[in-house]
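Contents: one structure, followed by commentary.
What follows draws every value from the coordinates through simple rules; no lab data is involved. Just so we're clear, the structure is a prediction, and the values are computed from it rather than from any experiment. Methodologically, a virtual Cβ is constructed for each residue, glycine included, from the backbone with ideal geometry; neighbour enumeration extends over all protein chains shown.
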């Protein structure tokens, strides 16, 4: 059974006597009834499946880890098409979720976006590990001769 203890500054979750999770307690600002604390690592798997959903997500600003990532999102939206910005943002979050230091990822992505002129999309995609959705090459199929079946039957194969 899961038991949650409420402290002034955190929530501690226990299964039996073992603490399995602890998170910061979030309080609603004055005039608001709800407060949210979303760990992007918990939702990134679903977002990777549909990266375009990030652009229209009502909880988008709550999903982003900190103000540095929010500013980076604004910069991406101003320089890139919305669908591409969403795809790159979700892949950047996925990459950050796999690493410990999320601020280093934000700084490196920021450097790529600050280069003068149009952003080098291929460089961004390569850095984020996004694979191109290229069409499969045209395969040339060679139909074998039906004469081979006739030869097989004549040699005593199937009669």
Only one of the values (i) 1.74; (ii) 0.98; (iii) 1.69 was calculated from this structure for Cα Rg over 2.2 N^0.38 Å; name its label. (i)
If contacts are Cα pairs under 8 angstrom and at least 6 residues apart, what is the relative contact order of the chain in percent? 13 percent
Contour excess over end-to-end distance, with Cα ends at residue 53 and residue 147 and 0.36 nm allotted per residue: 28.3 nm
Here the gain from full extension of residue 77 to residue 108, 0.36 nm per residue of separation minus their alpha-carbon distance, amounts to 9.4 nm
MRE, 222 nm, helices only [DSSP H, n ≥ 4, -39500 (n - 2.57), over the chain, to nearest 500]: -14000 deg cm²/dmol
I want to check the label-to-label distance for residue 10 and residue 42. Put each point 7 Å from Cα in the C-beta direction and report it in nm to one decimal. 1.6 nm
Considering the chain as a Gaussian network with a 10 Å cut-off on Cα pairs, which listed residue, 139, 52, 31, attains the greatest mean-square fluctuation? 139
Folded to 0 to 90 degrees: helix 40-49 orientation relative to the chain principal axis, Cα: 30 degrees
For the chain, built as a Gaussian network whose Cα springs stay under 10 Å, the top-fluctuating residue of 99, 34, 60: 34
Please state the relative contact order of the stretch 38-128 as a whole percent: Cα pairs under 8 Å, 6+ residues apart? 33 percent
